[in-house]
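For reference, the structure discussed in these notes is given below.
Bear in mind that the values in this text are calculations on the coordinates, not laboratory data. All of these numbers come straight from a predicted model, not from anything done at the bench. Cβ atoms come from the backbone with ideal geometry, glycine included; neighbour counts cover every protein chain shown.
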């Protein structure tokens with residue numbers, strides 16, 4: 001019986017020291033709700049965010065209304081409060097090159113209808 005208690009305690013200590021891994025999509029949803037009133041239309045965060053005893057530090061990219069992107073240094077403290085600070089100035093990605101073989105009409109699911 002004593003061996004069982006000791007092994008259960010060892011497993012508990014091991015699990016307590018291992019950080020929790022949060023799904024980045026959860027943080028994306030939280031930040032989007034907070035930042036949407038400031039003109040943010042989308043947020044992409046690290047896919048796996050380790051949360052330790054002191055909280056978490058991770059990176060996100062926010063897409064603004066005008067199409068520009070903003071890199072963010074994000075943190076979550078022990079109480080779960082989220083903060084985000086700009087890591088760099090907003091940048092605008094280049095417009096995709098026009099495909100001369102495509103007229104801008106969306107393609108259908110039928111491959112025969114997508115012929116030129």
Checklist entry - Given (1) surrounded by 11 or more Cβ atoms within 10 Å (Cβ to Cβ); (2) not in a loop (DSSP other than H, G, I, E, B), where does residue 37 come up short, assuming only one miss? => result (1)
Checklist entry - Quick one: what pairs do we get from region 78-91, first residue in contact (Cβ under 8 Å) with a residue 12 or more places away in the chain, second in a loop (DSSP other than H, G, I, E, B), C-beta under 7 Å, 6+ apart or different chains? => result 78/54; 90/68; 91/68
